[in-house]
Structure formats: structure tokens, C-alpha cells
Amino acid sequence: MPYKISLIGAGNLGWNLAHAMSRHGQHVQQVISRNRAHAQELALQINASFSDRVEELDPSSDVILLCVKDEVISELASRLNLNRQLLAHCSGSTGMDVLSKSSYRYGVFYPVQTFSKQKLRDSMEVPICVEGSGKEAEDELFTLADSISNKVYRINSSQRLHLHLAAVFANNFSNYLYAIARKIADESHLPFEILKPLIMQTAQNVQDSEPLHVQTGPARRHDQKTIQKQLELLQDKPELKALYELISEMIKNEFPR
Ligand SMILES: NC(=O)c1ccc[n+]([C@@H]2O[C@H](COP(=O)([O-])OP(=O)(O)OC[C@H]3O[C@@H](n4cnc5c(N)ncnc54)[C@H](OP(=O)(O)O)[C@@H]3O)[C@@H](O)[C@H]2O)c1
């Protein structure tokens with residue numbers, strides 16, 4: 001039996017979850033978003049009803065998924081008056097208990113991936129981490145996640161905070177390092193294309209090896225001459241120089257001579 005779902009927040013994650021759930025046999029019957037046009041645009045695509053008011057939440061929904069910005073989860077939840085309906089937010093860095101006053105059954109449905117409205121993902125490959133206020137709530141969230149993903153994990157709020165921290169390093173920071181690389185290439189009129197195979201290979205390497213086992217570069221080799229030359233190139237970029245020095249030191253410490 002498919003779950004009847006109301007999805008609140010027609011943003012980047014909302015679009016991806018709504019499409020994935022509809023595609024995999026769940027029944028997203030309602031989309032609610034602050035901006036009525038946004039709710040309508042998504043609802044029309046998946047044949048759901050829509051509203052811009054959480055007070056119009058469909059009481060027949062089994063599951064209410066909050067796909068809104070972290071800052072408004074708590075306030076929005078406090079406006080919901082639920083009974084046995086299962087309420088979940090999708091945030092990596094928000095505790096489960098912010099939902100405790102809004103329903104008897106609540107939890108977290110956290111997909112570990114970066115999403116955008118423009119590019120819908122194959123949800124089967126997206127790890128989803130669930131946590132429930134009780135066994136029954138968690139089992140239901142697991143079943144829902146399992147219907148759209150091959151990679152479902154049960155993790156608690158403390159583990160999720162650490163997972164989100166790890167994801168910031170793995171995704172947000174490494175992406176920002178790519179942006180720095182692009183800037184350096186641009187300044188020397190080099191096409192960023194030259195670096196793309198290297199970036200792909202770096203991500204590929206950790207699919208089947210330990211990250212530290214595939215670490216390369218001057219710091220890994222303790223090649224002080226090269227490090228010095230590169231630091232000179234960063235002479236007029238004190239922040240980048242400090243960043244380079246810090247990361248190089250950390251790598252050297254991982255691989256004592
Ligand atoms: N995007 C990701 O990569 C990703 C990955 C994992 C988890 N998450 C989690 O998913 C949640 C949503 O993130 P997102 O990236 O999808 O955010 P987003 O693109 O900014 O979308 C948030 C949506 O929430 C709606 N909204 C904001 N305030 C609202 C309110 N008071 N009432 C009803 N709707 C409201 C907005 O509606 P309008 O557009 O109608 O104004 C917006 O469409 C967050 O908890 C985030 O941590 C996101």
C-alpha cells in the first residue's frame with residue numbers, strides 16, 4: 001500500500017523527493033509551499049493538490065515531510081496539529097526533537113546528497129538516513145525510504161550531526177577548493193577543462209580505496225622545495241597561503257617521514 005504523503009516546501013529537495021516518490025509508487029497527494037505558484041508548479045507535475053497554507057494540510061495524509069529550510073522547521077512544525085500522522089523533517093543538522101510537540105510519531109528522513117530543482121536525481125543511488133521517535137515511526141520511515149532508495153541507514157541524531165559535518169568537508173569544502181583551483185587557472189589564462197579529469201579521478205579513487213591511501217602531492221612526499229615555490233606564488237594571497245600551509249602541515253603529519 002503506498003503512503004499518502006503531504007510534502008511541505010517545494011524547493012530543491014522537495015522537487016526531488018516528490019518526483020522520486022511518485023515515480024516509485026508512493027502517493028504524494030499534496031504539496032504545500034509558502035509561495036503558492038511554487039506549490040502549484042510542482043503539484044501539477046505529480047498530479048497532487050496544492051496550497052500555500054500549512055493550516056490546509058490534508059488530514060488524510062499518512063506522512064508529512066517537511067522539506068523547508070532548517071531555520072523554519074521548528075516554527076512550521078509548531079503550527080501543525082497532528083495526531084497519529086507521521087511527521088518528518090529532512091535536515092542533516094536539526095535534532096529530531098524539534099518535532100516532538102507536533103505529533104506523537106515523528107522522525108527524520110535525511111537524504112545524503114546535494115539536490116537542485118533543475119536536475120532530478122536517481123533516488124535509488126541516494127543514501128537516506130532515517131531516525132524515528134519510536135520503533136514504529138522509524139520502521140515506517142525506513143519502509144518509505146526503502147521504496148525510493150537502495151541505501152537506507154538507521155542513524156541517531158548525534159550520528160547525523162557528525163555525518164552532516166563529514167558531508168560539509170566531503171562536498172562543500174572540496175567544491176570550494178575546486179573554485180579556488182578555477183580562479184588560479186583563470187588568472188593564468190588556463191582552461192578549467194584541463195583539471196576536470198583530475199577532479200573526476202580524485203572522486204573515483206575513494207570509491208575503492210581509503211582516502212589516505214591515495215593521497216599524493218608535495219606535502220605527502222615532504223617535498224619542501226616544491227612547497228616553498230608554491231607558497232611564493234601565493235605571496236599576495238595571505239588567506240590562501242595560510243590555507244595551503246595548514247593543509248600541507250596536516251598532510252605531512254599524517255605521513256611522518
Ligand atoms: N538541497 C539539498 O541538497 C538538501 C540535501 C539534504 C537535505 N536537505 C534539507 O532539506 C530541507 C530543504 O532544503 P532545500 O535545499 O530544498 O531548501 P530550498 O531549496 O531553499 O527550499 C525550501 C523551501 O521551503 C519553502 N518554505 C520556506 N519557508 C516556508 C514556510 N514558512 N512555509 C512553507 N514553505 C516554506 C520555500 O518555499 P517557497 O519556494 O514557496 O518560498 C522553499 O521552496 C532542509 O532541511 C535541508 O537541510 C537539503
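Charged neighbours of N12, selected by a Cβ distance under 11 Å, balance to +4 (K, R count +1; D, E count -1). Basic side chains Lys and Arg get +1 at the Cβ, acidic Asp and Glu get -1 at the Cβ, and with that the dipole of the range 78-186 about its Cα centre reaches some 360 debye. Taking each of K69/K119; K119/K237; K69/K237 in turn, the alpha-carbon distance tops 27 angstrom for K119/K237; K69/K237.
State, as an integer percentage, the relative contact order of the range 120-257 based on alpha-carbon contacts under 8 Å between residues 6 or more apart.
14 percent
When the chain is described by a simple charge dipole with +1 on each Lys and Arg Cβ and -1 on each Asp and Glu Cβ, the residue from T143, F173, S91 located farthest towards its positive end is F173. Net charge dipole, the range 49-98: roughly 80 debye, given to the nearest 20, about the Cα centre with Cβ charges of +1 for Lys and Arg and -1 for Asp and Glu.
Based on DSSP H runs of at least 4 residues, each adding -39500 (n - 2.57), what is the mean residue ellipticity at 222 nm of the chain after dividing by all its residues, to the nearest 500 deg cm²/dmol?
Numbers: 9 runs with 111 residues, N = 257.
Roughly -13500 deg cm²/dmol at 222 nm, from the helical runs in the chain.
Placing unit charges on the Cβ atoms only, positive for Lys and Arg and negative for Asp and Glu, gives the chain a dipole magnitude near 280 debye about its Cα centre. Take every pair of alpha-carbon atoms less than 8 Å apart whose residues are at least six positions apart; their mean separation over the length of the range 31-129 yields a relative contact order of 18 percent. Applying both filters, DSSP loop and at most 12 other Cβ atoms within 10 Å, to the trypsin sites (Lys or Arg not before Pro) of the range 1-55 gives R53.
Straight-distance candidates among the aspartates and glutamates for linking to K225, with alpha-carbon spacing under 17 Å and chain neighbours fewer than 8 residues away dropped: E245, E249.
Starting with the fewest neighbours, write out S158, S93, S123 ranked by other beta-carbon atoms found within 10 Å of each beta-carbon.
Working: S158 9, S93 14, S123 23.
Ascending number of Cβ neighbours within 10 Å: S158, S93, S123.
Residues whose amide H falls under 5 Å from that of S49, counting only those 5 or more places apart or on a different chain, are Q30, V31, with hydrogens built in the peptide plane. Taking every DSSP beta bridge with both residues inside the chain, roughly what % is antiparallel (nearest 5)? Looking only at bridges with both residues in the chain, the antiparallel portion is about 20 percent.
What does the charge count around S93 come to, taking other residues whose C-beta lies under 14 Å from its C-beta (Lys +1, Arg +1, Asp -1, Glu -1)?
Values: positive: K69, R160; negative: D70, E71, D97, E131.
Taking every other residue near S93 into account, the sum is -2.
Please compute the net charge surrounding L234, taking Lys and Arg as +1 and Asp and Glu as -1 over other residues with Cβ under 14 Å from its Cβ. Here the charged neighbours net out to -1.
Judged by the gyration tensor of its Cα atoms, with axes a ≥ b ≥ c, the range 44-127 is oblate; a/c meets the 1.5 cut and b/c is at least as large as a/b. Partner lysines whose Cα lies under 23 Å from the Cα of K135, excluding those fewer than 8 positions away in the same chain, are identified as K4, K101, K151. Simple rule: put +1 on each Lys or Arg Cβ and -1 on each Asp or Glu Cβ in the chain, find the dipole, and look at H164, V54, Q201; the Cα lying farthest toward the positive end is Q201.
Here, each number is a calculation from the coordinates, and none is a lab measurement. Remember, predicted model here, so these are calculated numbers, not experimental data. Using ideal geometry, Cβ is built from the backbone for each residue, glycine included, and neighbour counts are taken over all protein chains shown.
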